[in-house]
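All remarks here apply to the structure that follows.
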Amino acid sequence: MKKAVSKELTHLAIIMDGNGRWAQKRGLPRAMGHRAGVEALRRIVELCPANRIEYLTVYAFSTENWKRPQTEVQALMALLNEFIDKELNLLNQKGVCIRVLGDTKPLAPVLRKKIDHALETTAQNKELVLSLALNYGGRRELLQAAKALAYRALQGEDPEAWQEEDLAAELFTKGIPEPDLLIRTGGDLRISNFLLWQVAYTELWCTDIFWPDFGEKELLEALAAFKGRQRRFGGV
Ligand code: FPP
């Protein structure tokens, strides 16, 4: 996995939190907050190329989000469906390569088919890699990588020869550099099982703003804060 050059922001990761509270504040159902969250995502995707961001990774649905009321889970899945239906052509034209991090097997077959189609259609695009973390959990990803390595050991590989890169190559993010900056909206200050391995040296930027209100002003503020950071990667 490529280590980011200091001050170059190649990979931006976002925990898009606060959709529910944004809706509640307006007396709207939570699903409307998620819908407004998709709009915010659309805005940020548009802004990436001009800001030389090559990878954007967003936490769209965690392995823990299944615990939410069924109506909310359904609303999120419906939004994902709609997002692909409405945005795929435009994203493709703009050179966006869509990737999914996570296990899509528990998703509805129709939705999985749509996702696979979106991945195939955009696979060769080079302008921006948009990774959607879907049914994603950092611990589960690490467990899966550990199982894959254990299997390789059973096949005769010598674990003593493995380096960190060998584990990284078993993660969903294979081939994607580690995030340079992780933005979390919505006021909480935690990682919430997102990209646990990958954020080891990532700069964090948290804001109280709810995700649907996040726009260009806030993005530029986060990027400016990142530029002011000193990244030492454990050195001096
Ligand atoms: C957290 O807000 C957000 C989520 C669990 C889902 C994020 C999803 C989207 C922005 C839209 C779906 C994405 C695509 C690509 C279609 P929350 O509901 O936990 O907010 P709260 O903390 O205020 O309750």
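Here, each number is a calculation from the coordinates, and none is a lab measurement. This one's a predicted model, so the numbers in the text were calculated from it and none came from an experiment. So basically every Cβ, Gly included, is an ideal-geometry build from the backbone, and we count neighbours across all protein chains shown.
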Treating the beta-carbon of each Lys and Arg as +1 and of each Asp and Glu as -1, no other charges, what is the dipole magnitude of region 92-224 about its Cα centre, to the nearest 20 debye? 740
With charges set only on the Cβ (+1 for Lys and Arg, -1 for Asp and Glu), what does the dipole of the chain come to about its Cα centre, in debye to the nearest 20? 540
What do you get when you divide the Cα radius of gyration of region 84-172 by 2.2 N^0.38 Å, with N the number of residues? 1.33
Amide H within-cut-off set for residue 135, under 5 Å, with H built and near neighbours excluded: 61, 62
If amide hydrogens are placed 1.01 Å from N in the peptide plane, which non-local residues have theirs closer than 5 Å to the one on residue 203? 181, 182
Filter the DSSP H helices in the chain by two things, a Kyte-Doolittle mean of at least -1.0 and an axial alpha-carbon span of 27 angstrom or more, and list the hits by number. 70-93
Mind putting a number on the dipole of region 1-103 about its Cα centre? Charges go on the C-beta only, +1 for Lys and Arg and -1 for Asp and Glu, and I need it in Debye to the nearest 20. 320
Other-chain or far-sequence residues with amide H under 5 Å of residue 99's (modelled H): 130, 131, 132
Select from 168, 135, 235 the residue farthest towards the positive end of the dipole of the chain; place +1 on Cβ of Lys and Arg, -1 on Cβ of Asp and Glu, and compute about the Cα centre. 135
Residue 82-residue 43 FRET efficiency (beta carbon distance; Förster radius 22 Å; 0.05 resolution): 0.85
Would you list which lysines come within 30 Å of residue 105, measuring only between C-alpha atoms, while excluding same-chain residues fewer than 8 positions from it? 2, 67, 86, 94, 113, 114, 126, 147, 174
Averaging over every viewing direction, what projected area does the convex hull of the Cα atoms of the chain cover, in nm²? 14.0
Gap separating the Cα centres of region 47-75 and region 112-150, nearest whole Å: 12
